[in-house]
Amino acid sequence: MNQLAAVKKFSHVKPEDTDYKGGGLRDFFLYRDLGIADATAGLARAHVIRLTGPCNPEEVSKLHYHDVEFQMVYVLKGWFRSEFEGEGVHTFQVGSCWIQPPRIKHTVRGYSDDCELLEIVLPADFKTVTLEK
């Protein structure tokens, strides 16, 4: 089956349609769902992530990986710093985009108080494995 056939319906989400909500992967992230998971029957998820500041390294710097097939992140506001296994530390500014290979080990190293990210992942529901407490 063509994976694009998984797009089941038209989806249009306006800013006033959704709020930022907690309860996601990280306590210091708020997520605004963009309706992609529902429209694709779980093939993909897209959300805007608002990081809550100030950054607390003891809370955010946990080595982990995501059990995904695809993960892309784009910086909408502020800056974000992360360290990736075999790739080192990278600081991403507004307009920066990166793709993380499936299951790459990484950790958050810092972010600005106004940081917002657009993230697209496949599949919509996936497991995050924390490697250090």
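The values are calculated or read from the model by the stated rules, or taken from the named source; none is laboratory data. Bear in mind that the values here come from a model prediction, so they are computed numbers and not experimental data. Because the Cβ atoms are built from the backbone with ideal geometry, glycine has one as well, and the counts that use them run over all protein chains shown.
Annotation for the stretch 63-70: at least one member residue is at pLDDT 80 or above, in contact with a His (Cβ under 8 Å, 6 or more places away or on another chain) and of a type in the set (A, V, I, L, M, F, W, C). What are the residues in the stretch 48-84 that are touching a residue at least 24 places away in the same chain (Cβ under 8 Å), under 22 Å from residue 105 (Cβ atoms), over 12 Å from the mean Cα position of the chain (by Cα) and not in a strand (DSSP E or B), if any? If the condition is that a residue be touching a residue at least 24 places away in the same chain (Cβ under 8 Å), under 22 Å from residue 105 (Cβ atoms), over 12 Å from the mean Cα position of the chain (by Cα) and not in a strand (DSSP E or B), then 55, 56, 57, 59, 60, 61, 62, 63, 67, 69 are the ones that fit.
The residues of the stretch 102-123 that are surrounded by 18 or more Cβ atoms within 10 Å (Cβ to Cβ) and not in a strand (DSSP E or B), listed by number, are 112, 115. Taking the stretch 59-75 as the region of interest, how many residues are within 27 Å of residue 19 (Cβ to Cβ) and either of a type in the set (D, E, K, R) or surrounded by 15 or more Cβ atoms within 10 Å (Cβ to Cβ) (or both)? Number of matching residues: 10. A count restricted to the stretch 1-47 and to residues that are in a loop (DSSP other than H, G, I, E, B), modelled with pLDDT of 75 or more, out of contact with any helix residue (DSSP H, G or I) (no Cβ under 7 Å at 6 or more places or on another chain) and surrounded by 11 or more Cβ atoms within 10 Å (Cβ to Cβ) stands at 5.
Only a single criterion out of (1) surrounded by 17 or more Cβ atoms within 10 Å (Cβ to Cβ); (2) within 28 Å of residue 10 (Cα to Cα); (3) among the β-branched types (Val, Ile, Thr); (4) within 14 Å of the chain's Cα centre (by Cα) is not satisfied by residue 99, namely (1). Residue-level analysis places residue 58 among those that are at negative phi and modelled with pLDDT under 80.
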